[in-house]
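Chemist: After the structure tokens below, expect a handful of questions from me.
The values are calculated or read from the model by the stated rules, or taken from the named source; none is laboratory data. This is a predicted model, so every value here is computed, not measured. When we count neighbours, we look across all protein chains shown, and the Cβ atoms used for this are built from the backbone with ideal geometry, even at glycine. Ligands, DNA and RNA are stripped out before the accessible areas are found, and what is left, the full protein with its side chains, is counted by its heavy atoms. Shrake-Rupley method; radii C 1.70, N 1.55, O 1.52, S 1.80 Å.
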Amino acid sequence: MEPLFLGARELNIVLTRQHLALFEKFYQELVEWNQRFNLTAITDREGVLVRHFLDSLSCLRVLRRGELEAGARVIDVGTGAGFPGLPLKIVCPGMRLTLLEATQKKVRFLEHIVATLGLKEVRVIHKRAEELGHEPGHREQYDYALARAVAGMPTLVEYLLPLVRIGGKVLAQKGEEAAAEVHGAGKAIVTLGGEVRQLVPVELRGLAETRYLVVIDKVAATPDKYPRRPGMPGKRPIME
Ligand code: SAM
């Protein structure tokens, strides 16, 4: 657990024994399930601790822990095996977390791991973002919508911005191309009611490359026609 503990400390996050025990269990279950269902390409211990757990926790450079702990509503879109949502939930148990995932086998793992870790106030939803974005209990309901490694920026904002309330934020975890991606998504962001707030570079202990947190404010309602039907945001992203 040392790479995670030390890396988190550099992000000003102190992981307790209880946190570390939950991360250890998460790691064991992920590796075991991965032998049967291909959930993630990263399975070596250091890789999981740094590239999955620590990278997820780096969202706390932007998200305020106090706000999460006070019951903020957060949705992680295309969460896969639970990243970044579940590591954040382990550290901030007060947040109300929704995990959205389109692939059935990943949903089964998510339900299993949420129960195994005893996490409360976590909803796992098997659906596409294009569908959930039109449902009254979810459209413009979230304080934060998060995503990592799900789609290019113009497509991603069509998944995320419809779910965020006015005054809430989108947080996208991106790699070295973050600035270019944001630049190319200008029209999509404005069309969907967003405004780019900041790009925060993040250096993680044990990772050579710089990661970026792209923060977008939701400043206006998303027009009713968005998100378009499943597949369209990917096939025809909103471009200049
Ligand atoms: N966020 C996780 C991570 O960083 O490890 C998983 C990344 S994985 C490359 C992308 C995931 O997004 C897949 O599990 C896929 O099923 C899901 N996904 C892609 N498009 C989606 C959509 N429109 N709605 C819901 N889930 C979606």
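Chemist: Just to be sure I understand: of the beta bridges DSSP finds with both ends in the stretch 2-235, what percent are antiparallel, rounded to 5?
Modeler: 40
Chemist: How many angstrom lie between the Cα centre of the stretch 1-23 and the Cα centre of the stretch 114-163?
Modeler: 26
Chemist: Looking only at the stretch 4-26, which residues have a backbone nitrogen under 17 Å from a spot 7 Å from the Cα of Arg205 in the C-beta direction?
Modeler: 4-21, 23-24
Chemist: Report the residue, chosen from Val62, Val164, Val182, that carries the largest GNM mean-square fluctuation when the chain is represented by alpha-carbon nodes joined by springs under 10 Å.
Modeler: Checking each option, the largest mean-square fluctuation is seen for Val62.
Chemist: Same structure, new question: Compute the length gained on full extension between Arg65 and Phe37: take 0.36 nm times their separation in residues and subtract their Cα-Cα distance, giving the result in nm to one decimal.
Modeler: So the extension gain works out to 6.8 nm.
Chemist: Could you give me the percent of Cα pairs per 10 Å distance bin for the stretch 161-220, shortest bin first, beginning at zero and ending with the bin that holds the maximum distance?
Modeler: Cα pair-distance distribution for the stretch 161-220, in percent: 24, 48, 22, 6.
Chemist: Could you tell me which helices of the chain pass both thresholds, a Cα extent of 15 Å or more along their own axis and a mean Kyte-Doolittle hydropathy of at least 1.0, with helices taken as whole DSSP H runs?
Modeler: Flagged H segments: there are none.
Chemist: With a cut-off of 8 Å between alpha carbons and a minimum separation of six or more residues, what is the relative contact order of the chain in percent?
Modeler: Computed over the chain, the figure is 17 percent.
Chemist: Let me ask another. Multiply the residue gap between Glu111 and Gln18 by 0.36 nm, knock off their C-alpha separation, and tell me the result in nm, one decimal place. Intermediate results must be reported in sequence, preceding the final value.
Modeler: Details: separation 93, 0.36 × 93 = 33.48 nm, distance 2.08 nm.
Additional length available on full extension: 31.4 nm.
Chemist: Between Gln28 and Lys187, what is the label-to-label distance in nm when each label sits 7 Å out along the Cα-to-Cβ direction?
Modeler: Label at Gln28, label at Lys187, 5.3 nm between them.
Chemist: In Å², what does the accessible area per residue of the chain work out to with a 1.4 Å probe?
Modeler: Values: 10450 Å² over 240 residues.
It amounts to 44 Å² per residue over the chain.
Chemist: Lys120 to Gln141: extension gain in nm, 0.36 nm per residue of separation minus the Cα-Cα distance?
Modeler: 5.6 nm
Chemist: Which whole-Hz couplings ³J(HN,Hα) result when phi for each residue of the stretch 127-144 is put into the Karplus expression 6.51 cos²θ - 1.76 cosθ + 1.60, θ = phi - 60°, listed in order with x for Gly and Pro?
Modeler: 6, 8, 4, 5, 7, 4, x, 9, 8, x, x, 10, 5, 6, 10, 9, 6, 9
Chemist: Express the carbon and sulfur contribution to the solvent-accessible surface of the chain as a percent, rounded to the nearest whole number, probe 1.4 angstrom. Intermediate values should be presented prior to the final figure.
Modeler: Details: 5130 of 10450 Å².
Percent of accessible area from carbon and sulfur atoms in the chain: 49.
Chemist: Taking N as the number of residues in the stretch 2-235, what is its alpha-carbon radius of gyration divided by 2.2 N^0.38 Å?
Modeler: It is 0.95.
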